[in-house]
Structure formats: C-alpha cells, structure tokens
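Participant: After the structure tokens below, expect a handful of questions from me.
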Amino acid sequence: MKILLVGSGGREHAMAWKLAQSPRLSTLLIAPGNAGTAEVGENVSISVDDHDALVRLAVEQGIDLAVVAPDQPIVDGLCDRLRNSGVTTFGPSAAAARIEGSKIWSDNLMTKYGIPTAESVAFSNSSVAMEYARSKPEGSLVVKADGLAAGKGVILPDTYDELDSAIIGMLDDAAFGESSSSILLAERMSGPEVSVFAFLDGEHVSAEIASCDYKRVGDGDVGPNTGGMGAYGPPEFWTDELATRIREDILEPAARALVLENSAFSGVLYAGLMITESGPKVIEFNCRLGDPEAQIMMPMLESDFLEICLAVAEGRLNEQEVQWSKNPHTFVVAVSDGYPGSYTTGVEIDGVEAAGKHGTVFHAGTARDTDGKLVTSGGRVLGVSGSGSSICESRDAAYQGLKRISFQGMQFRRDIAERAVQH
Ligand code: AMP
Ligand code: GLY
C-alpha cells in the first residue's frame, strides 16, 4: 500500500517508524518529514498548511491511505479535503475536530452529555469576564483561549491581577489572534494528570493507553511551557479500575456524543485528564496523537499500525486488533539551547547510532546539511525512547541512549519518569 503521512515532528517520526514495520507497506511518503522520517520513507517538501498541494500529491501518486498527524491541518479540514477527493484518510473531519479546535464547543458537548470536566463559563467581553471572576475565590479559575494556540492558550493565574491581565491579553489585545476572541473561565482542578488515547471510527472505541508528559522546560516543572520534554507510561497510578472508569465515563460517551452531534470522530482521540478527588475529569480533548506521547505509544503498540489506520478510515475498527504492551516506556527529548525561546539551528549532531543501541531514537527538528551531515533544525531536536520490564529500566535505557548523543547547547530534563520510579 502507498501511504502519505502528513507532519514533521517527533510524533510523525514515531508514526512513520511504526507504519514502516507493516508488511502491507510498499511506499511511505512523508510531507514534509524530517531527517528521521527520511530513513523509513521518502520525504516530500510540502508544508502541512498547503492543502492544495497535499491533495494533489495524494491523488497523483495514487495514495491508498493518507494519515494526517498534526492538529492544525485537521482542524482546518485537510481530512475532509482528502476524503472529498477520493483518498481514504485516517484523521477526523473538521466538524469532529472542534473537540480540540474550540474549547467552548468541546465544553458545551461535555456539559450536554454529562462528561465530567471543570465547570466553565464562556466570555467574549473582558469587563463581563472580570466581573464574573470576582464572584469566585482568588486563584480558583483558569483562563483558556477558545481556539488553537500552539499549546500556550491556558493561563493559571494565582491572583485577581494576573487573572485580569490574562483576560485583557486574550480578549482585548488578541494575544492569540482569532483563537482568543472568546475565552473560557474554568474551575481550577487539582490532581495528577494523564493523557489517555484510543482509536475511534465513529462508534467503536479501541483499547486505550495512558501516559504522562512533561510540558515545562526545567527539572521539577519549572520554567516556560514547551511542546513537551518527555513522557512515560503506563503511569504509576494507573489501574484496571481507573481505566474502566475513564472508558465508561469519558471515552465511550464522547464517541457517542460526537455521533449524535453529526460529528462522528474517526482517528485517534486524546483525552487530557486530571484525576481529581471526585474522579477523572477532562482538562481538554485533542483530535490527534500527542507529542511526545506518540514516541512511547508507537513502540508500545503490538498490533499493525497501518492496519489500524485503515480499519479506522474504513469504519471497521471492531474487526481490528489493537494491542498495547504492558512494558513500561520512557521517552526523553533533547532540545536546542534557548528553547522554547530563540535558538540557533544547523548545529551538528553526533552519536545517534550509538544511542540506538539503548533505545529508539526519534527525530523532530533535524535535517541533513549539504554534506549530508545530521544537523539541528528546530527547538525540540530528537529524543530517545527506552523500554524495560520496569519503569526504572525503561528510564535508564532512555537516558543511557541520550548520553551518547551530543550537539552544542543540547539540553534535556533529568527527571522524566523519576516520580514513577520513586513510587
Ligand atoms: P491544555 O492546553 O488545556 O492542555 O492545558 C495546559 C495545562 O494547563 C494542563 O496540562 C493543566 O496542567 C493546566 N490546566 C488546564 N485546565 C485546567 C484546569 N481546569 N484546572 C487545572 N489545571 C488546568
Ligand atoms: N503532549 C501534548 C500535546 O501533544 O499536545
């Protein structure tokens, strides 16, 4: 089968790596990909935003299955465009992707169908929002931009002053453009966080998998938010009982709700959850695999990923095996100096082959220079995914691998999965 994978990050390298293991694969194109995806398929230099060119490529190349990985093209309707052009596609419609693309739409859906989440109110006028905020205790609300904001659209203010600035920044100063022309003020929940993923083909929900990711740049969760510095799974607090509760109270009702709203979801649903004292509650839904979660999920997937994507796209997920390994996995990301602020690129990277003896190296911001040398081309550069019979073993494997890699200014967190080992 000829597959087209859309995206360029570490998640996409992990997906490409897994797709390439399928005996049914004949050709794998990745648009635009990175230096890692070029090792398992053929990169095509088309941006994820250039929907015309992507559809043309899929049609002209006779692609049997397109897999769209990142949120923005999904929310912007690329999967609809591909399907309307006759291309079998893994990934939700723009209508279904509103579950990520509009936090207000998603919150209304959860409220209507009784899916547990933070109590939230939507606003588009800053004075009204600030007045409402005063009716709640200081530090008890979070501010969320309605639309996509590259993972930066949530602010957790501790004081009324900070809350006011966040509201004014989003609504009046358009901090995130159109995405923050409406906001949600949500109850601030507390408890451990977990990302839970399942494949959906509309009504059917596959076996789920859980992991924890690290968003802050520094050890001990300090510093600014990033695209993700590492992940591990399964979480130390994960039990069959919790999994069943999440499935029955959140995943299955969400799938049903989307069908009932004429927005049946076909793809992978990502539930970002907080395990509160009164049970698991949704922080947010996403319409895609997580990054960096995919870099442990793909190695944990024991079934054929290509077959799963095809079964999802063709609405016969109930006939398809989806089996996850129970062996713990840890993934640690190496980033450029200065990230998530400004950083330099084109820095030579050494030791990737040696790292591969300890774990699987997944590239994100990498490229080949004119001499064919591997160089950095982004903030999150690459990472190593380790596995083992315990979380401790998987963590050691990931860090042993990462220690073999070097580039000038390389930074990484030293505490990924530490809390799970200490547990
Ligand atoms: P999000 O972009 O929705 O994933 O939010 C980013 C982070 O903000 C989450 O991972 C949580 O740590 C935090 N967060 C979001 N919503 C809430 C909430 N209602 N209560 C507490 N923390 C939240
Ligand atoms: N792990 C965070 C994200 O993919 O949005």
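Read-outs throughout are calculated quantities, based only on the coordinates presented, and are distinct from any laboratory measurement. For clarity, every value in this text was computed on a predicted model and none was experimentally measured. Cβ sites come from the backbone with ideal geometry, for glycine too, and all protein chains shown count toward neighbours.
Participant: Looking only at the stretch 272-301, how many residues end up being at positive phi and buried (at least 24 other Cβ atoms within 10 Å of the Cβ)? First the steps, then the outcome.
Facilitator: Here is the first cut: in the stretch 272-301, the ones at positive phi are 279.
From what is left, the residues that are buried (at least 24 other Cβ atoms within 10 Å of the Cβ) are none.
Residues in the stretch 272-301 being at positive phi and buried (at least 24 other Cβ atoms within 10 Å of the Cβ): 0 in total.
Participant: Hey, another quick one. Considering only residues that are buried (at least 22 other Cβ atoms within 10 Å of the Cβ) and closer than 19 Å to residue 98 by Cα, which ones fall in the stretch 49-69?
Facilitator: 67, 68, 69
Participant: Do any strands (runs of 3 or more DSSP E) lying entirely in the stretch 353-423 carry at least 1 residues that are touching a His at 6+ places or on another chain (Cβ under 6 Å), and which ones are they?
Facilitator: Numbers: elements: 360-363, 366-368, 374-376, 380-387.
Where strands (runs of 3 or more DSSP E) fall fully within the stretch 353-423 and carry at least 1 residues being touching a His at 6+ places or on another chain (Cβ under 6 Å), they are 360-363, 380-387.
Participant: Every residue in the stretch 348-365 that is within 19 Å of residue 21 (Cα to Cα) and under 25 Å from the mean Cα position of the chain (by Cα), please.
Facilitator: If the condition is that a residue be within 19 Å of residue 21 (Cα to Cα) and under 25 Å from the mean Cα position of the chain (by Cα), then 356, 359, 360, 361, 362, 363 are the ones that fit.
Participant: May I ask you to verify whether residue 109 is closer than 22 Å to residue 178 by Cα and buried (at least 24 other Cβ atoms within 10 Å of the Cβ)?
Facilitator: Values: closer than 22 Å to residue 178 by Cα: yes; buried (at least 24 other Cβ atoms within 10 Å of the Cβ): no.
Judged against the criteria, residue 109 is not a match.
Participant: Taking the conditions exactly as written (within 21 Å of residue 274 (Cβ to Cβ), touching a Pro at 6+ places or on another chain (Cβ under 8 Å) and not polar (S, T, N, Q)), does residue 109 satisfy them or not? Explain how you work it out, then say what you get.
Facilitator: On the way: within 21 Å of residue 274 (Cβ to Cβ): yes; touching a Pro at 6+ places or on another chain (Cβ under 8 Å): no; not polar (S, T, N, Q): yes.
For residue 109, the condition - within 21 Å of residue 274 (Cβ to Cβ), touching a Pro at 6+ places or on another chain (Cβ under 8 Å) and not polar (S, T, N, Q) - is not met.
Participant: Could I ask something else about it? Which ones in the stretch 196-227 are within 13 Å of ligand 1 (Cβ to nearest atom) and charged (D, E, K, R)?
Facilitator: Those that are within 13 Å of ligand 1 (Cβ to nearest atom) and charged (D, E, K, R): 213, 215, 216, 221.
Participant: Here is a list of conditions, (1) over 16 Å from the mean Cα position of the chain (by Cα); (2) crowded, with 24+ Cβ neighbours inside 10 Å; (3) basic (Lys, Arg), and residue 326 meets all of them except one; can you say which number that is?
Facilitator: The failed condition is (2).
Participant: Which residues, counting only those in the stretch 9-64, are in a helix (DSSP H, G or I) and within 16 Å of ligand 2 (Cβ to nearest atom)?
Facilitator: Restricting attention to the stretch 9-64, the residues satisfying the condition of being in a helix (DSSP H, G or I) are 10-19, 37-39, 51-60.
10, 11, 12, 13, 14, 15, listed by residue number.
Participant: So residue 198 ticks every box in (1) of a type in the set (Gly, Ala, Ser); (2) exposed (fewer than 15 other Cβ atoms within 10 Å of the Cβ); (3) under 30 Å from residue 320 (Cβ atoms) but one. Which box is left unticked?
Facilitator: (2)
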